[in-house]
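Working notes, beginning with the structure itself.
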Amino acid sequence: MGFAVGLMSGTSLDGIDAALVELKGSGLETEVRLIDFMTISIEQSLLREIEDAITLKSSNAQHLCSLNFKLGYAFANAVKQICEKNQFSLKELDFIGSHGQTIYHQPELEGQFIQSTLQLGEPAVIAYETSTKVVSNFRVMDMAAGGYGAPLVPYSELLLYQNKSKSRLLQNIGGIGNVTVIPKNATVDQLIAFDTGPGNMIIDEICKRFFYVPYDANGDLAAKGTVHERLLERCMSIPYILAPIPKTTGRELFGSQFVDQILAEFKEVSTYDLVATMTMFTAKSIAENYKQFIFPKQSIDEVIVSGGGSHNKTLLRMLQDLLGNDCKVCTQEDIGYSSDAKEAIAFAILANETLHGIPSNVPSATKAGRSVILGNITPVPY
């Protein structure tokens, strides 16, 4: 038995997610109780530094070096905040599982650039500031084993969502969309997981540029627009969308530079229609991946959506319409969980497996050559 905080800062850059949990056991016997969850806003100055760091033209070594430590302090502060909120002493905390902030992810060889990944948020700073053991840097060992280093959450999803009578799809819609297929009574080697394509990333970028809001709350902006079919066809023609699985993608493909491209090509499209079309792009990229790679092999009982996209009613309606009535679309809340807390909880679970010496990557999802123990352990500094 132990208490932990799981930390996640995703590609959507909408804050640091912190989940305070109690864990019992390990492996398939793991039991998890969520004590509390909160999202801590990232200060505007730090957010601008992150945005500069993920942009190749504006990043540099000194910037990355400093940002690594600044993020470490931000993550440590998130741990302190959730513990203080719950009157939970840091001395009672057994460990922290920190994903870090992804700055760049290179899943495939590209010229002189080999497969690699970089997450910032110095674990030594987190450990020192909280006097707590930290498990971090989860992606690198999977990549060392020949994998993509993503997706990481399928193992935790198997532990939490396996069902004897239902086959489930766990669809996360954060900055990027990713899905895990969990057949009924599944084992680790039966899992299928991959990134479906864009999640909220493109929608959020358009909302920031034209509506001066960080995201489309409830999908209200998209509901006012009409899908521009030619633009949608252009987006769906991107090779990644129906590329064979396993596969992974990120801001490198669907970030601000992608929005620049579509704005230059489709100047005639109104702002509301842009949001509506990009919302449909997210929904359709998910649905088409299901139809291409999942439905021919699996009968699915339900799709359980998590992440920020689970709050977008227009997006969920579009996805349900595309999938039809044979496959029910629901959210984490519909089955008694939290859509927002899911990934932060996952990193507490993965850290627990690391500390127990248990491999937690899923080679069928990441393409790794073997199962490996994920993460680096930073001990209590004194």
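The values are calculated or read from the model by the stated rules, or taken from the named source; none is laboratory data. Because the structure is predicted, anything quoted here is derived from the model rather than measured. Note that each Cβ is placed from the backbone with ideal geometry, even for glycine, and that neighbours are counted across all protein chains shown. Areas reflect the complete protein model, heavy atoms only, side chains present, ligands, DNA and RNA absent. Shrake-Rupley method; radii C 1.70, N 1.55, O 1.52, S 1.80 Å.
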Accessible area of the chain with a 1.4 Å probe: how many percent of it is carbon plus sulfur? 51
Suppose every Lys and Arg Cβ carries +1 and every Asp and Glu Cβ carries -1, with no other charges. What dipole size does the chain come out with about its Cα centre, to the nearest 20 debye? 460
Going through segment 133-220, which trypsin sites (Lys or Arg not before Pro) have at most 16 other Cβ atoms within 10 Å and a DSSP loop state? 164, 166, 184
Give me the number: length gained by fully extending residue 230 to residue 330, i.e. 0.36 nm times residue separation minus the C-alpha to C-alpha distance, one decimal in nm. 33.0 nm
Averaged per residue, what accessible surface does segment 1-69 expose to a 1.4 Å probe, in Å²? 51
For a quick check of your reading of the filter: which trypsin sites (Lys or Arg not before Pro) in segment 41-131 sit in a DSSP loop and have no more than 15 other Cβ atoms within 10 Å? 57
Return one whole number: the accessible area per residue of segment 234-382 in Å², for a 1.4 Å probe. 41
List, in order, the whole-Hz ³J(HN,Hα) value for each residue of segment 367-382 obtained from phi through the Karplus relation with A = 6.51, B = -1.76, C = 1.60 and θ = phi - 60°; use x for Gly and Pro. 6, 5, x, 6, 6, 9, 7, 9, x, 9, 9, 10, x, 4, x, 7
Summarise the long-distance tail of P(r) for segment 229-320 by giving the % of C-alpha pairs beyond 15 Å. 66
Heavy-atom accessible area with a 1.4 angstrom probe orders 75, 88, most exposed first, as 88, 75
Answer label for Cα Rg over 2.2 N^0.38 Å (calculated), chosen among (i) 1.04; (ii) 1.18; (iii) 0.94: (iii)
What shape does segment 9-116 have by the C-alpha gyration tensor, where a ≥ b ≥ c are the square roots of the eigenvalues, rounded means a/c under 1.5, and otherwise prolate means a/b greater than b/c and oblate the rest? oblate
Give me the distance in nm between label points sitting 7 Å out from Cα along the Cα-to-Cβ direction at residue 321 and residue 46, one decimal. 4.0
Can you tell me which of 372, 135, 79 moves the most in a GNM of the chain? Springs connect C-alpha atoms under 10 Å apart. 372
What is the spin-label model distance, in nm, from residue 253 to residue 90 if the labels are put 7 Å beyond Cα along the C-beta direction? 4.1
Do you know the Lys pair count in segment 169-301 for C-alpha distances under 21 Å, with sequence separation 8 or more or different chains? 10
Suppose R0 equals 25 Å. What FRET efficiency, 1/(1 + (r/R0)^6) with r the Cβ-Cβ distance, do residue 373 and residue 64 give to the nearest 0.05? 0.40
Pairwise Lys count, segment 44-133 - Cα closer than 25 Å, eight or more residues apart or different chains: 9
Hey, rough spin-label estimate for residue 36 and residue 272, points 7 angstrom out along Cα→Cβ, what's it come to in nanometres? 4.1
